[in-house]
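The structure under discussion appears below in the form of structure tokens.
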Amino acid sequence: NVPHKPELVMITGATGGFGSAFARRFAALGSKLVLVGRRTEKLNALRDELKTEVHTVELDIRDRKAIDQAFGSLPTEFAAVETLVNNAGLALGADPAQKSDPDDWETMIDTNDKGLVFATRALLPGMIERGRGHVINIGSTAGSYPYPGGHVYCASKAFVKQFSLALRADLQGTGVRVTNVEPGMCETDFSLVRFKGDTEKAGKVYANTTPLTADDVAEAVFWAATLPPHFNVNRVEIMPTTQAFGPLAIHRS
Ligand code: NDP
Ligand code: 8X3
């Protein structure tokens, strides 16, 4: 029993930790779902598991033409997307900027920023025409608190935060809401992807502590999405209780 039930929710990166948790949470409410990702078998497994109407879209979010084509030709019953959860994203590498691979930088910007803005752009006109909608972006604490080795990932999430706020300014009066959900450390495949399959490095990120779970993050997304339509959550920043801020670093000679 929630104040507002989003009828049709699109989730990008639905094959990953957060995306699957979001899908399960909205499916339990009875929302119809459009699930977007690259790994077809994972999309299909999720569709088969969920007891709600699901349409799957296999695409690379870095491919702007594919977004326009796929989002512009959704089956009629899945076309009126009410809530878009822009979740597809990744970090690659944690070496200092000067040692990073420029290809990794390009992938992060293309996925986390360009993919997110073009997915949003493709669905906004429909939301505005219907007088209701909600763009929920998955930012990060990395967008507010920089850390060594974070460089382009941190910057890509700062972009997401500022884009979300600026979007709100443009959408005032349209009935379309915008929320940036900014989680801290959460155990998913995120670190495995960041360290390119190095399970030892990835495991160390979560060792001997209690990170957030994908279900915790789903709680924040679900809360913002199910508030009454007059209520806009601009930003939600969440962290595990075990995580906090570091001091400014000082180099001494
Ligand atoms: P996962 O690695 O588990 O999931 C990432 C998802 O992004 C996958 O579904 C993947 O799908 C999708 N994705 C990546 N690249 C592309 C692409 N080019 N096209 C389409 N989909 C793509 O990580 P999380 O679930 O943890 O991450 C989800 C989001 O949350 C990301 O934006 C991440 O930056 C953010 N985040 C994560 C935190 C954490 O600590 N885990 C904390 C704060 C934010 P597929 O490979 O099938 O295409
Ligand atoms: C993911 C959280 O701290 O690993 O966005 O950058 S962090």
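Overview of results
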{"read-out": "Of all DSSP beta bridges in the chain, antiparallel share, percent nearest 5", "value": "0 percent"}
{"read-out": "Between the range 136-178 and the range 59-99, the alpha-carbon center distance in angstrom", "value": "15 Å"}
{"read-out": "Fewest-first sequence of Ser100, Ser191, Ser20, Ser253 by Cβ atoms within 10 Å of each Cβ", "value": "Ser253, Ser100, Ser191, Ser20"}
{"read-out": "Value of [θ]222 nm, deg cm²/dmol, for the chain, DSSP H segments ≥ 4, -39500 (n - 2.57) each, nearest 500", "value": "-12000 deg cm²/dmol"}
{"read-out": "GNM top mover of Thr188, Thr111, Thr242 - the chain, alpha-carbon springs below 10 Å", "value": "Thr242"}
{"read-out": "Dipole of the range 121-253, positive direction: furthest Cα of Tyr153, Ala244, Leu171, with charges on the beta-carbon", "value": "Leu171"}
{"read-out": "Ranked by how many other beta carbons lie within 10 Å on average, peptides 174-181, 149-156, 81-88, 199-206 from highest", "value": "81-88, 174-181, 149-156, 199-206"}
{"read-out": "Size-normalised alpha-carbon gyration radius of the range 8-238, reference 2.2 N^0.38 Å", "value": "0.97"}
{"read-out": "Alpha carbon centroid spacing (whole Å) that separates the range 105-124 from the range 180-195", "value": "18 Å"}
{"read-out": "Interchain or long-range residues, amide H under 5 Å from Val236's placed H", "value": "Asn180, Val181, Glu182"}
{"read-out": "Förster radius 41 Å - calculated FRET efficiency between Lys196 and Glu77, Cβ distance, rounded to 0.05", "value": "0.55"}
{"read-out": "Normalised contact order of the chain, rounded percent, pairs of Cα under 8 Å and 6 or more residues apart", "value": "20 percent"}
{"read-out": "In Hz, Karplus ³J(HN,Hα) per residue of the range 76-83 (6.51, -1.76, 1.60; θ = phi - 60°; x = Gly, Pro)", "value": "3, 6, 10, 7, 8, 5, 8, 10"}
{"read-out": "Lys5-Tyr206 FRET efficiency (beta carbon distance; Förster radius 35 Å; 0.05 resolution)", "value": "0.55"}
{"read-out": "Mean separation of Cα contacts under 8 Å, 6 or more apart, over the residue count of the range 120-164: relative contact order %", "value": "32 percent"}
{"read-out": "In the chain, lysine pairs with alpha-carbon atoms under 13 angstrom apart (chain gap of 8 or more, or interchain)", "value": "4"}
{"read-out": "Label point distance in nm, Thr174-Asp95, each placed 7 Å from Cα along Cα→Cβ", "value": "4.1 nm"}
{"read-out": "The range 231-249 residues near the modelled Arg130 label - backbone nitrogen below 19 Å, point 7 Å along Cα→Cβ", "value": "231-233"}
{"read-out": "Fully extended contour minus Cα-Cα distance, from Leu29 to Ser144, at 0.36 nm per residue", "value": "38.2 nm"}
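All of the numbers you see were taken from the coordinates with simple rules; none came from a lab. Just so it is clear, the structure is predicted and the values come from calculations on it, not from any experiment. Positions of Cβ are generated from backbone atoms using ideal geometry, with glycine treated the same way; all protein chains shown enter the neighbour counts.
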